[in-house]
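The structure appears right after this line, and notes come after that.
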Amino acid sequence: MSATSNTWTRETAQAIYDLPLMDLLYRAQTVHRENFDPNKVQMSRLLSIKTGGCAEDCAYCSQSARNGSKLSASKLIEVERVLAEARKARESGSTRFCMGAAWREPKARDMDALVAMIQGVKAMGMETCMTLGMLDDTQVVQLRDAGLDYYNHNIDTSERYYPEVITTRTFADRIDTLNRVREAGMKVCSGGILGMGENGEDRIDMLVTLANLPEPPDSVPINMLMPQPDTPLADAKPVDPIDFVRIIALARIMMPKSHVRLSAGRSDMSDEMQAMCFFAGANSIFAGDTLLTAENPEESKDAILFAKLGIQPMEAESEARVDAAE
Ligand code: SF4
């Protein structure tokens, strides 16, 4: 089967996932080298522009007002503060600046500030990404016209398991927003989280949904749940590291041209596990010491790990892919 035929089935994907690990890794690394420089990793920086008090009930999230979390709700932060953070991120090597707001969807009154943030970050020569919840047709156009490069909207898990994790919106709502973003001409960033009590088939079904979108996402963040106190998943069982590496390899094989991002959970991963994930085809990380609210390895730790592995930060994405014919 062609890896870009958009007709992946669970059975085909499962057969690849179940290969002996060395065969799976070899195959994933081969696909990776056909599409990317294997020694470069794209670095994004994530800033929370509006924290806490979210109306959604995502069971993994410490920002949900419904989870009894003690995290207090903030207002949308000022544009100047966002630009100051973006400047720092650029100076430390990040090429993409991701801005996340804990909203079900943005309100009309927030749009002018969001547009100013996008325009300001773009003017620094960085790629821009936002994650703001669901978007309607007008908002999609406003963000695109401001120059937004990427929109992040994770599907989180399989369609079957989704209602176990979130009840305030549906899987179909998620797909609708993703299609709206793509149709407006922006790049899509969408992935999910392992370790929420889903089974192995749910993990594979999540990748099948992403790979079978009209176009696979340009970025695919794969998160390992970092259980947050006071959330329904506070006591979730940790993910087996080899299962995690297998999912990264499968994502690389199923979506050969996408950036597969090692996202939340990296601070709980050993250097060896991160190295295996990079070998399996992960080629993007969040840099910096916090994600939206969860811990992330400090930049100096990442620099030491990159030096040990001979990995270089990737230039802006447009220059990152290798020509498969080379
Ligand atoms: S994951 Fe996002 S949408 Fe869900 S509760 Fe947290 S901030 Fe809200």
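Residues in the stretch 48-82 that are in a helix (DSSP H, G or I) and over 22 Å from the mean Cα position of the chain (by Cα): 65, 66, 67, 79, 80, 81.
Considering the stretch 100-129, and only residues there that are closer than 23 Å to residue 259 by Cα and either assigned to a loop (DSSP other than H, G, I, E, B) or in contact with a Cys (Cβ under 7 Å, 6 or more places away or on another chain) (or both), the residue that is nearest to the ligand (Cβ to nearest atom) turns out to be 129. Looking only at the stretch 35-45, decide whether some residue is in a helix (DSSP H, G or I), at pLDDT 95 or above and not small (Gly, Ala, Ser). Yes, the stretch 35-45 contains a residue that is in a helix (DSSP H, G or I), at pLDDT 95 or above and not small (Gly, Ala, Ser). Residue check: residue 96 meets all listed conditions (1) modelled with pLDDT of 90 or more; (2) closer than 26 Å to residue 136 by Cβ; (3) more than 16 Å from the ligand (Cβ to nearest atom) but one, namely (1).
Any chance the stretch 172-180 includes a residue that's among the basic types (Lys, Arg), assigned to a helix (DSSP H, G or I) and within 16 Å of the ligand (Cβ to nearest atom)? So far as the stretch 172-180 goes, yes, one or more of its residues are among the basic types (Lys, Arg), assigned to a helix (DSSP H, G or I) and within 16 Å of the ligand (Cβ to nearest atom).
Tally the residues that are without any contact (Cβ under 8 Å) to a residue 60 or more places away in the chain, buried (at least 16 other Cβ atoms within 10 Å of the Cβ) and away from the ligand (no atom under 16 Å from the Cβ), restricting the search to the stretch 130-152.
Number of matching residues: 7.
Applying the criterion of being of a type in the set (A, V, I, L, M, F, W, C), modelled with pLDDT of 75 or more and within 15 Å of the chain's Cα centre (by Cα) to the residues of the stretch 279-322, the residue that is nearest to residue 247 (Cα to Cα) is 282.
Take the residues in the stretch 154-182 that are within 21 Å of residue 244 (Cα to Cα) and without any contact (Cβ under 8 Å) to a residue 60 or more places away in the chain; name whichever of them is surrounded by the fewest Cβ atoms within 10 Å (Cβ to Cβ). Per the criteria, the residue is 160. Pairing residues of the stretch 300-314 that are farther than 13 Å from residue 92 by Cα and part of a helix (DSSP H, G or I) with residues that are modelled with pLDDT of 90 or more and among the small types (Gly, Ala, Ser), at Cβ distances under 6 Å and at least 6 apart in sequence or on separate chains, gives 309/275.
How many residues, within the stretch 135-149, are within 30 Å of residue 247 (Cα to Cα) and either touching a Pro at 6+ places or on another chain (Cβ under 9 Å) or among the aliphatic types (A, V, I, L, M) (or both)? Total satisfying the criteria: 2. Restricting the stretch 83-99 to residues that are assigned to a helix (DSSP H, G or I) and not aliphatic (A, V, I, L, M) leaves a set whose member that is surrounded by the most Cβ atoms within 10 Å (Cβ to Cβ) is 85.
Of the residues making up the stretch 44-87, those that are more than 12 Å from the ligand (Cβ to nearest atom), over 20 Å from residue 107 (Cα atoms) and touching a residue at least 12 places away in the same chain (Cβ under 8 Å) number 9.
Inside the stretch 183-204, can you point out the residues that are outside any strand (DSSP E or B) and surrounded by 19 or more Cβ atoms within 10 Å (Cβ to Cβ)?
Those that are outside any strand (DSSP E or B) and surrounded by 19 or more Cβ atoms within 10 Å (Cβ to Cβ): 186, 190, 191, 195, 196, 198, 202, 203, 204.
The values are calculated or read from the model by the stated rules, or taken from the named source; none is laboratory data. In this text the structure is predicted, and so the values were computed from the model without any measurement. For neighbour counting, all protein chains shown are included, and Cβ atoms are generated from backbone atoms with ideal geometry for every residue, glycine included.
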